[in-house]
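What follows is a short report on a single structure.
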Amino acid sequence: MEELDLFREGLIFFNAGQYFEAHEVWEDVWRSTAKGPLRNFYQGLIQAAVGLHHLHRGNTAGARSQLTKSIENLGGGAAEDLGIDAENLIAELNRVRREMRSEKVQIRAR
């Protein structure tokens, strides 16, 4: 499967609130991507998915840690090439981190 197809598959999982599955797919994309802004962006998406998965399982400390790392990695400018509104995604992740509660949350990467 092509990198862009895998990215889109992960995006479908993420937007459906299936964060563990999204992280699994995106890890395959991340591993095959050369070092640089795009690889950092993929890492940020993976960290967002892992953080939201932790939150759903009640691990607020793990969620906060992963979301903080995610926010740092998502702002490198690579999102535009993939059609993702990184500014909106970062704002949503910041909101979730700020309002941290052990409950199911769903955000969309668009």
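No value in this document is a laboratory result; all are computed from the given coordinates. Remember, it's a predicted structure, so these values are computed and weren't measured experimentally. When we count neighbours, we look across all protein chains shown, and the Cβ atoms used for this are built from the backbone with ideal geometry, even at glycine.
Couple of notes before you dig in:
- Restricting the GluC sites (Glu not before Pro) of region 1-65 to loop positions (DSSP other than H, G, I, E, B) with no more than 15 neighbouring Cβ atoms within 10 Å leaves Glu2.
- Computed over the chain, the per-residue total of -39500 (n - 2.57) for DSSP H runs of n ≥ 4 gives a 222 nm mean residue ellipticity of -22500 deg cm²/dmol, rounded to 500.
- Inter-label distance for Arg95 and Glu24, nm, one decimal - labels placed 7 Å from Cα along Cα-to-Cβ: 2.9
- Whole-Å distance, taken between Cα centres, linking region 12-54 and region 64-94: 11
- Compactness of region 3-98, expressed as Rg and Dmax over alpha-carbon positions, Å: 12.1, 34
- Taking every C-alpha pair closer than 8 Å and separated by at least 6 residues, the mean separation divided by the residue count of the chain gives a relative contact order of 26 percent.
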